[in-house]
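See below for the structure under consideration.
The values are calculated or read from the model by the stated rules, or taken from the named source; none is laboratory data. Since the model is a prediction, treat every value here as computed from it, not as a measurement. In this analysis, Cβ positions are derived from the backbone assuming ideal geometry, glycine residues included, and neighbour counts consider all displayed protein chains. Accessible surface is based on the protein model in full, side chains and every heavy atom, while ligands, DNA and RNA are left aside. Shrake-Rupley method; radii C 1.70, N 1.55, O 1.52, S 1.80 Å.
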Amino acid sequence: MKTPPIVSAQEWEAARQELLVEEKRLTRARDALAARRRRMPWLKVDKAYEFEGPGGPATLRDLFQGRRQLIVYRAFFEPGVNGWPDHACVGCSMVADHVGNLAHLNARDTTLVFASRAPQPDIERVKTRMGWTIPWYTLTDDFDTDFGVNDWHGTNAFIHDADTVYRTYFINARGDEALGSTWTYLDMTALGRQETWEDSPETYPQSAPYTWWHWHDTYNGP
């Protein structure tokens, strides 16, 4: 293995500072992209979709669990997929392993769920085995085909106004690699992180940074 140059502490710090300029530029570009996502048009969901959950049948609206926004990751766990019946696919399992504590997303009025073709008993068995606590539903209709996740994994974001649901964004392929933290999930939603520093349309809900943060076991609300 041919290594990079071995340098002094001063030279190393100078090299790091040079890269830091690029890293800050990337951060600003990510923020600008998230701001554009918050201005994406909304697509009304006219079709009634049905899922099966731990408590029985559920509609797309039910998946919000009382919150304003919904993120749905289509995970491949079903007959014919590598790992069945003991595991979901390797990539989807890695995505599940990287999901942070959902209390922080919920505190921003956002619910994250996974959806697969596997029956609920199989989903619950694998969740228990792998230590996953993500709400996980069974697909029963054309939701995956209609939202671009029938042949490949992907993450869809939705928002509702009363009983009307809208699709607001979609990320798939390598775009899913960045997801998993509270921040990256919120950055793909219509409302964003809902903090005052963000470039968001007028009237969007916002609060000061840090003030809404809590230990995950001390949040109040649904």
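Results, tabulated for the structure shown:
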quantity: Cα-Cα separations in the stretch 1-120 greater than 17 Å, expressed as whole percent; calculated: 74 percent
quantity: Counted charge near residue 84, where neighbours are those whose Cβ lies closer than 11 Å (Asp, Glu -1; Lys, Arg +1); calculated: -2
quantity: Net length gained if the chain between residue 87 and residue 2 were fully extended (0.36 nm per residue, minus Cα distance); calculated: 26.7 nm
quantity: Using alpha-carbon coordinates, inclination of helix 9-37 to the longest axis of the chain, degrees; calculated: 40 degrees
quantity: Extension gain, residue 181 back to residue 94 (0.36 nm per residue minus Cα-Cα distance, nm); calculated: 30.0 nm
quantity: Positive-end extreme of charge dipole, the stretch 6-78 - chosen from 41, 17, 27 (charges on Cβ); calculated: 41
quantity: Two-site label geometry, residue 26 and residue 208: point separation in nm, points 7 Å out along Cα→Cβ; calculated: 3.2 nm
quantity: Where trypsin sites (Lys or Arg not before Pro) in DSSP loops with at most 13 other Cβ within 10 Å are excluded, longest remaining stretch of the chain; calculated: 48-222
quantity: Gain upon complete extension [residue 133, residue 173; 0.36 nm per residue less C-alpha separation]; calculated: 12.0 nm
quantity: Sum of side-chain charges, residue 168 neighbourhood, beta-carbon under 10 Å (Lys, Arg +1; Asp, Glu -1); calculated: +3
quantity: Cβ crowding within 10 Å averaged over residues, with 156-163, 132-139 ranked highest first; calculated: 132-139, 156-163
quantity: Dipole moment magnitude, nearest 20 debye, the stretch 82-140 about Cα centre, only Lys, Arg, Asp, Glu C-beta charged; calculated: 20 debye
quantity: Furthest towards positive pole of dipole, 106, 197, 148, structure part the stretch 100-222, Cβ charges; calculated: 106
quantity: Rough spin-label spacing in nm, given labels placed 7 Å along Cα→Cβ, for residue 42 and residue 141; calculated: 2.0 nm
quantity: The chain - convex hull of the alpha-carbon atoms, volume per residue in Å³; calculated: 178 Å³
quantity: Area projected by the alpha carbon convex hull of the stretch 87-161, averaged over all directions, nm²; calculated: 5.7 nm²
quantity: GNM top mover of 99, 21, 45 - the chain, alpha-carbon springs below 10 Å; calculated: 21
quantity: Signed unit charges on C-beta, dipole axis of the chain, positive-most listed residue 185, 84, 126; calculated: 185
quantity: Part-to-part distance (alpha-carbon centres) for the stretch 25-97 and the stretch 156-220, which is given in Å; calculated: 13 Å
quantity: The stretch 99-222 - convex hull of alpha carbons, volume per residue in Å³; calculated: 143 Å³
quantity: Hypothetical label at residue 217: residues of the stretch 95-137 whose amide nitrogen lies under 16 Å (7 Å Cα-Cβ projection); calculated: 101-104
quantity: Dipole in debye (nearest 20) - the chain, about Cα centre, beta carbon charges: Lys, Arg +1; Asp, Glu -1; calculated: 360 debye
quantity: Per-residue SASA entry for residue 146, accessible area with 1.4 Å probe, Å² rounded to 10; calculated: 70 Å²
quantity: Accessible area of the stretch 26-110 belonging to carbon and sulfur atoms, whole % at 1.4 Å probe; calculated: 56 percent
